[in-house]
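The values are calculated or read from the model by the stated rules, or taken from the named source; none is laboratory data. Owing to the predicted nature of the structure, the values given are computational and were not obtained by experimental measurement. Backbone-built Cβ (ideal geometry, glycine too); neighbour counts: all protein chains shown. Keep in mind that these areas ignore ligands, DNA and RNA; they rest on the heavy atoms of the full protein, side chains included. Shrake-Rupley method; radii C 1.70, N 1.55, O 1.52, S 1.80 Å.
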Amino acid sequence: RVVSLVLGSLLLVGSLGLRATGGTLAFADTALRDDAGFLMSGDQTLTTDTYALTSTSMEVHADAPAAFMPDRLIGDAKVTATGNSDLPVFVGVAATADVDAFLGATSHAMVTNLDNDPDYATSGTAAPAMLPGDSDIWVAQSSGTGTQELTWTVEEGDWTMLVMNADGSRGVTADLAAGATIPALDWIIPTLLISAGIGLMAAIALLV
């Protein structure tokens, strides 16, 4: 009886946790997508007095069956950037090694923490050697005034996002948001809810 009580209690707590997680994901999947079907974060204002803002390297590596590859799990990613000045803004995604080579000694700020008060790691001292729009390294890019939007299918590799003024001038401020389609939710949510239901029935049986 004691063993059944303990196991049933643990299983009950775990099942309720799975149910809560599955319910939260189901709500987000149905209510929080934009018109294009992307689950988006809220806008985050990022600013630097250097020439560029970059993300940390986004490492996407998977040694798994096709169903668990990045394009099946994450799907398409989207980034929006709205400049806070009259200057056209540029936003692009490229392989981390290519972004590092493009920047070289350019003074730039890497965003290391996206809290209410973001943290930055600044490096480099020089002005950019070329305008971002003149480089061919980008797998996805967008530039202009107003809100800029880029989408790309997430692939295996190491990726970095860069935001600059399109004219290469110093001082970058932009409101950014990111999201993805996350097609894996189509099977993650049912799996969580079904597992929670089975666990709850087993917990009740043990407790009774």
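The figures follow:
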| item | result |
| --- | --- |
| Heavy-atom accessible area order for ASP158, ASP175, ASP136, largest first, 1.4 Å probe | ASP136, ASP158, ASP175 |
| Segment 82-121 and segment 133-152: distance between their alpha carbon centers, rounded to Å | 13 Å |
| Debye, to nearest 20: dipole size of segment 1-144, +1 on Lys, Arg Cβ, -1 on Asp, Glu Cβ | 840 debye |
| Spatial extent of the chain: Rg and Dmax, with the Cα atoms as the point set, Å | 22.0, 74 |
| Note, ³J(HN,Hα) from phi for segment 197-208, Karplus 6.51, -1.76, 1.60, rounded to Hz, x at Gly and Pro | x, 5, x, 5, 5, 5, 4, 4, 4, 5, 5, 5 |
| Largest-first principal axis extents of the Cα set of segment 70-142 (Å) | 40, 34, 28 |
| Paramagnetic label zone (point 7 Å from Cα along Cα-to-C-beta, LEU32; backbone N under 12 Å) in segment 170-190 | 179-180 |
| Distance between modelled label sites at VAL3 and THR24, nm, 7 Å Cα→Cβ extension | 3.4 nm |
| Value of relative contact order over segment 98-141, rounded to a whole percent, pairs C-alpha under 8 Å and six or more apart | 37 percent |
| Computed lengthening from THR125 to SER169, 0.36 nm per intervening residue step minus Cα-Cα distance | 14.5 nm |
| Dipole-positive endmost among ALA109, SER41, ALA121 within the chain (Cβ charges, Cα centre) | SER41 |
| Relative contact order of the chain, defined on C-alpha pairs under 8 angstrom at six or more residues apart (%) | 40 percent |
| Extension reserve of the ILE204-GLU156 stretch, reckoned as 0.36 nm per residue once the Cα distance is removed | 12.9 nm |
| Value of [θ]222 nm, deg cm²/dmol, for the chain, DSSP H segments ≥ 4, -39500 (n - 2.57) each, nearest 500 | -10500 deg cm²/dmol |
| Additional length obtainable on full extension of the chain from ASP186 to ASP43, 0.36 nm per residue less Cα span | 48.9 nm |
